[in-house]
Structure formats: structure tokens, C-alpha cells
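Reading through the C-alpha cells given below for one structure.
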Amino acid sequence: MKLEIKDLWASIDGQMILKGVNLTVPAGEFHAIMGPNGNGKSTLVKVIAGAPEYTVERGEVLYDGQNVLEMEPDERARKGLYLAFQYPVEIPGVTVANFLRLAIQARTGQEVQFMEFYAKLQKALAILDWDESWVNRYLNQGFSGGEKKRNEILQMLMLEPGFALMDETDSGLDIDALKVVANGVNAMRSANFSALMITHYNRLLEFIVPDMVHIMVDGRIVKSGDKELAIELEANGYEPIKLIAAQHPAPDFNAAD
Ligand SMILES: Nc1ncnc2c1ncn2[C@@H]1O[C@H](COP(=O)(O)OP(=O)(O)OP(=O)(O)O)[C@@H](O)[C@H]1O
Ligand SMILES: [Mg+2]
């Protein structure tokens, strides 16, 4: 599904972090966001997820034409938004399998049929080259960094969202796990699915080829391009882009319209 972020401004503790983000991911496309540390990438994910500590000052996020920011956080998931955080939380006492079943139930509003669930699970585990015993583990408890990330892709494959926003899903993955995770994301490619991936390195984008790459500096997108932009960044670093961003600072919130 198409996701449109329009002039999004958001703050935390009186500090403006997002300063007019504009970004559209058409249905069927994969886009990437890159950018230096501490410039608002994870904030964007948390604001779209409806994290209560952030204040949306202005703007909208349209998913399939509906304003996500007006929905309750659980409604966002039910509508088919999948948001994977930079630091996945541990849920003691809930197994991966039970969590998946409950999450699918919440998403579809229907009782999950065991055989159907099991068949889908087998397929997803096969894509991820993962042993079935994993689903009996407690969610994220004691999972290694890479296992947490792989588990996020398992959740995505099972939930079949219309849009996924992934924050550094590649961080901490070894080279084999990176390919496995990329396989999972690539398996989702369809006309009804779109994704936005936050990453620091081009490595992920060699396996999941993005339709567009956007650079975020100081809470807004300062440059967009095709996959070559990520290669260029790897070669030149952010200094040239920071210079461009400094020459075109964010407008004053109160002065902008
Ligand atoms: N409670 C807060 N008060 C003030 N500033 C905050 C608060 N929480 C986060 N920030 C700041 O918001 C900015 C954006 O943080 P964010 O996590 O979105 O960065 P990021 O682009 O995801 O960075 P990274 O690449 O390191 O993950 C940072 O400068 C951070 O310190
Ligand atoms: Mg971050």
C-alpha cells in the first residue's frame, strides 16, 4: 500500500526533532532512509507507531489514503502497518508462536485456524532457514541481536502487512543472516506491499534493492535518489550532504505554513 508522509513535524520534551518530513512510498516499492546518527530516523518510526512520548506538531501520514496519526496505535497494526523498532522489546512468558497467533488474530479479527497457521509458519520458517523449535522460545528473551532481527522478519511474513517500516533491521546481522533476512523481505514484494528501510550501510541494499534512497539530516529529507545514492554515500560520507543541508536549513516551525 502507498504511504505518504506530508510536512511532518514532531517534538519530544519541547525539542523539535522532525522538521517537515516529506516522503512518499508508492505501493509495490521499497525505499531506504539513510542519514547520520541522531538526525530523526528512529523518531520517524516511533511517531508513525504512535509512541506517546512524542508530540506531532504538524503534518500527516497517509496509509492507503487514511491519516495514520489519527488512529489508535493498535488500529495502525490492524490496518496493516508493520513497524520494526531499532531495539525490539522482550516479552517474558509469551512464546513466539503464541505471539504470532495473537497478532494475526488481532490483525484479521478472526480466530486463527491451526492448520492454516501451521502451514504458513512452516513456509515462513523455510524462507528464513529457521528451525521450528524457535517458535517455542519466549519472545525476544535471551535472543541474540541477530535472532531478534530475524524474528521481526518472521513476524512480518506471518502478518502480511501492507506496509513495513524497518529500523536498522540489518544491524548486528552476520553476512549469512543478512541474506536470510533479505530473502524474507524480498519474498514480500508484491503490488500490495511497500516498505521503508532505515539502514546505515549499502550492504543491505545490495540484497534488497531499493527503488529510492532518501537521506535524512536534521529531521528532514535533504536528498533523494536511486540506489546509486547509497553507493555514493559509502564513498564520500555525509560531509557533502551536511554542507548542502546547512545551506538550506529547516524553515522556522512558526514561519512555515
Ligand atoms: N527526550 C528527548 N529529549 C531531547 N532530545 C531527544 C529525546 N529523545 C531523543 N532525542 C534526540 O532526538 C534526536 C534524534 O534521535 P533518533 O533516535 O531519531 O536518531 P537516529 O537518526 O535514529 O539515529 P541513529 O542513526 O543513531 O539510530 C537525537 O539527537 C536524540 O538525542
Ligand atoms: Mg535510530
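Brief remarks on what is shown
- Förster radius 25 Å - calculated FRET efficiency between Ser224 and Gln247, Cβ distance, rounded to 0.05: 0.90
- Build a GNM of the chain with springs between Cα atoms under 10 Å apart, and of Glu60, Glu232, Glu160 the one that fluctuates most is Glu232.
- Anchor Lys149: aspartates and glutamates whose Cα lies under 15 Å away (excluding residues fewer than 8 positions away in-chain): Glu90, Asp129, Asp167, Glu168, Asp170, Asp174, Asp176
- Three-way shape label, the chain, alpha-carbon gyration tensor, a/c 1.5: prolate
- Whole-Hz couplings from phi, Karplus 6.51/-1.76/1.60, listed for region 105-112; x for Gly and Pro: 4, 5, 6, 8, x, 10, 4, 7
- Cross-link pairs beyond the 23 Å C-alpha cut-off, checked among Lys6/Lys148; Lys41/Lys227; Lys2/Lys179; Lys123/Lys179; Lys2/Lys148; Lys41/Lys242: Lys6/Lys148; Lys2/Lys179; Lys2/Lys148
- Residues whose amide H comes within less than 5 Å of that of Leu165, counting only those at least five positions distant or on another chain, are Tyr82, Leu83, Ala84, Leu196 (H built at 1.01 Å from N in the peptide plane).
- Within-12-Å neighbourhood charge of Gly162 [Cβ basis; K, R +1; D, E -1]: +3
- Around Phe30: net Lys/Arg minus Asp/Glu count, Cβ-Cβ under 11 Å: 0
Read the figures in this text as sums done on the coordinates, not as results from a lab. Everything numeric here is computed off the predicted structure, so don't read it as measured data. Neighbour counts are summed over all protein chains in view; Cβ atoms, including those assigned to glycine, are modelled from backbone coordinates with ideal geometry.
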